[in-house]
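Working notes, structure below.
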Amino acid sequence: AERVGNPVVAIAPTVKSTAKIVKLAIDSPRAMAFACYAPTAQDAERLATTIANENGLRPAPGVARRLVDTTGGDRAVISREIEKLALYLDAAPDRPADLDHHALDAVGADLGDAEMSRAIDAVIEGRVDDLGAELAVLEEAGTSPIPWLRQLVRRLIALADMRGEIDRGEAVDAVMKRHRVFFKEEASAARSLRRWSPVMLATAIQRVRTAERAIMASGNAGGVVAEAAVVALSQAIARRN
């Protein structure tokens with residue numbers, strides 16, 4: 001039909017460019033084929049530099065990489081951080097300013113892996129009181145919760161994978177070794193595997209992802225959405241101890 005009210009989007013990550021369906025879409029005036037690739041670290045740095053330039057900022061060497069590292073490479077978070085830095089430096093396209101590491105130290109997000117890991121550990125281990133203190137540290141840094149929410153999801157997925165293998169009869173020690181659990185974290189990982197059921201892990205992953213989507217939506221309530229989600233998870237695990 002010349003006009004259609006219900007277009008279809010087909011996602012096919014394994015289809016090659018030489019596939020018949022791709023050629024059919026390219027040749028048809030009623031279809032379109034579009035190839036998407038996961039961005040590399042260099043792509044993310046170029047993106048950060050471009051967004052900075054659009055806001056009148058000239059990043060010094062290493063600044064773009066630092067922005068990518070501290071925001072998890074999330075474009076929306078990078079944009080918000082750069083907008084905040086542009087305000088701090090009173091920069092705009094018609095009055096550009098240099099963006100150096102001193103500006104990042106002053107107002108930029110600078111969450112290290114240690115800070116995020118402590119909050120994530122508190123969630124997974126059900127240490128509600130400790131979680132409150134760690135969330136305060138993250139909030140004080142003034143960055144989006146999206147990077148540590150995504151790290152939390154990765155940890156939960158790893159636990160779910162290990163729990164599935166254990167439920168199929170494999171030994172806990174063998175599973176942790178296969179997943180390369182750091183030897184200093186083996187005891188806490190074993191405790192978490194006993195406390196978290198497959199259903200709880202699946203529910204937790206869904207809740208954290210829902211919180212991330214809510215934060216990305218326009219007119220959202222901000223970090224309180226993430227905090228409410230992870231506190232509820234931590235409380236649920238604490239009740240199982």
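Just so it is clear, none of the values below were taken in a lab; they were calculated from the coordinates. Note that the coordinates shown come from a computational prediction; the quantities given were computed from them, not determined experimentally. Glycine gets a Cβ as well: all are built from the backbone with ideal geometry, and neighbour counts include every protein chain shown.
Brief remarks on what is shown
- Normalising the average separation of contacting C-alpha pairs (under 8 angstrom, six or more residues apart) by the number of residues puts the relative contact order of the stretch 113-240 at 40 percent.
- Residues whose amide H falls under 5 Å from that of ASP98, counting only those 5 or more places apart or on a different chain, are ARG58, with hydrogens built in the peptide plane.
- 3J(HN,Hα) couplings calculated from phi for the stretch 93-107 with the Karplus curve 6.51 cos²θ - 1.76 cosθ + 1.60 (θ = phi - 60°) are, in sequence order, x, 8, 9, x, 9, 7, 9, 10, 5, 5, 5, 5, 5, 6, 9 Hz; Gly and Pro show x.
- Spin-label pair THR18/HIS101, simplified geometry with 7 Å Cα→Cβ offset, distance in nm: 4.8 nm
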